[in-house]
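One structure below.
The values are calculated or read from the model by the stated rules, or taken from the named source; none is laboratory data. Only a predicted model underlies this, so the values are computations on that prediction, with no experimental measurement involved. Because the Cβ atoms are built from the backbone with ideal geometry, glycine has one as well, and the counts that use them run over all protein chains shown. These accessible areas exclude ligands, DNA and RNA; they are computed on the full protein's heavy atoms, side chains included. Shrake-Rupley method; radii C 1.70, N 1.55, O 1.52, S 1.80 Å.
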Amino acid sequence: MNPQQSATLNELLKLNIGSDDDALTFSARLSRENGWSEQYAGRCIFEYKRFLFLSTLSSEAITPSDSIDQVWHLHLSYTRSYWLDLCENILAAPLHHEPTQGGRSESIKFRVQYEATLNQYLVAFGESPPADIWPGTEERFKHAGTFIRLNKAKHWVIRKPPELLLPLIAIPLVLVACSDAESVDLWFYVKAGVAAYAVYLVIRWLDGRGGGRGNGGGGGCSTSCGSCGGD
């Protein structure tokens, strides 16, 4: 990293989006809108600034993780900060957000770009990106197209149980339904239900070990997004 690049990275890390005096700061808004812990939101903002730095290293398009993309989306709504403080004063070039146009070729393109971005991160910073913010390529695009904007005042949001839990719950119920009512050992089925729930809790714990995400982890948009590195 040459002196000019180091200076650019330093300016990006010092960039303050919005004002700390706001009743709802940028970080707090990001946390609220995505169901993240404040700690995770802060880490995502730091990684977003690193992503911005990667965009300055090459004219090739790069693609963020879903969590980084959520920071980018929100920053774009702070138009003065984005277009003046960031693009004009630090990058000295526009940085456009380019969503997918749809189709198989676009899907392949963004997967390739994302993989290249992960490799570029390793080269630029001398370390692998944190996996809970920058997941692998398959995990990054596994749920593309499934996210929606939801009003929690009108809807209940319940985490979908792991697929493995469904047969563990269904099997005891089927056995009860197929058994002779006089020979049903209810205590056995109570124990089976408790055991199934214990397995579910273990799976939930293993699923959350990547952690720091508070309520839910990375929210996302329905499209993959890329950037033109300073066109």
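Which of the residues belonging to segment 11-23 are at pLDDT 90 or above and loosely packed, with under 11 Cβ neighbours inside 10 Å?
Of segment 11-23, the ones at pLDDT 90 or above are 11-17.
Hits for segment 11-23 are Lys14, Asn16.
Can Leu76 be described as in a helix (DSSP H, G or I) and in contact with a strand residue (DSSP E or B) (Cβ under 7 Å, 6 or more places away or on another chain)?
Answer is yes for this residue.
With the requirement that a residue be under 8 Å from the mean Cα position of the chain (by Cα) and under 16 Å from Ala28 (Cβ atoms), what does segment 63-82 give you?
Scanning segment 63-82 gives a single hit, Gln70.
Restricting attention to segment 60-80, does a residue exist that is touching a residue at least 12 places away in the same chain (Cβ under 8 Å), open to solvent by 20 Å² or more (accessible area, probe 1.4 Å) and of a type in the set (Gly, Ala, Ser)?
Yes: segment 60-80 contains one or more residues that are touching a residue at least 12 places away in the same chain (Cβ under 8 Å), open to solvent by 20 Å² or more (accessible area, probe 1.4 Å) and of a type in the set (Gly, Ala, Ser).
Give the residue that is nearest to Ile45 (Cα to Cα), with candidates limited to residues of segment 131-156 that are in contact with a helix residue (DSSP H, G or I) (Cβ under 7 Å, 6 or more places away or on another chain) and of a type outside the set (Lys, Arg).
Initial filter on segment 131-156 (in contact with a helix residue (DSSP H, G or I) (Cβ under 7 Å, 6 or more places away or on another chain)): 133-134, 137, 140-141.
Keeping just the survivors that are of a type outside the set (Lys, Arg) gives 133-134, 137, 141.
On the way: Ile133: 10, Trp134: 13, Thr137: 21, Phe141: 21 Å.
For segment 131-156, the residue satisfying everything is Ile133.
Do you know which residues across segment 28-46 are open to solvent by 10 Å² or more (accessible area, probe 1.4 Å) and in a helix (DSSP H, G or I)?
Within segment 28-46, Ala28, Arg29, Ser31, Arg32, Glu33, Asn34, Glu38, Gln39, Gly42, Arg43, Ile45, Phe46 qualify.
Quick check on my filter: what residues within segment 98-110 are touching an Asp or Glu at 6+ places or on another chain (Cβ under 9 Å) and either assigned to a helix (DSSP H, G or I) or within 13 Å of Ser65 (Cβ to Cβ) (or both)?
Here is the first cut: in segment 98-110, the ones touching an Asp or Glu at 6+ places or on another chain (Cβ under 9 Å) are 100.
If the condition is that a residue be touching an Asp or Glu at 6+ places or on another chain (Cβ under 9 Å) and either assigned to a helix (DSSP H, G or I) or within 13 Å of Ser65 (Cβ to Cβ) (or both), then no residue fits.
Starting from residues that are aliphatic (A, V, I, L, M) and open to solvent by less than 40 Å² (accessible area, probe 1.4 Å), keep the ones in segment 81-107 and report whichever is farthest from Ala144 (Cα to Cα).
Looking at residues that are aliphatic (A, V, I, L, M) and open to solvent by less than 40 Å² (accessible area, probe 1.4 Å), I get Ile90.
Name every residue in segment 80-106 that is touching a Ser or Thr at 6+ places or on another chain (Cβ under 7 Å) and more than 19 Å from Phe53 (Cα to Cα), in order of residue number.
Pro99, Thr100, Glu106
What are the residues in segment 113-140 that are part of a loop (DSSP other than H, G, I, E, B) and touching a residue at least 60 places away in the same chain (Cβ under 8 Å), if any?
Within segment 113-140, Pro129, Pro130, Ala131, Asp132, Ile133, Trp134, Pro135 qualify.
Could you tell me which numbered condition Lys49 fails, if it satisfies all but one of (1) surrounded by 18 or more Cβ atoms within 10 Å (Cβ to Cβ); (2) in contact (Cβ under 8 Å) with a residue 60 or more places away in the chain?
(2)
I need a count of the residues in segment 121-154 that are within 21 Å of Ser31 (Cα to Cα) and loosely packed, with under 14 Cβ neighbours inside 10 Å.
So the count comes out to 10.
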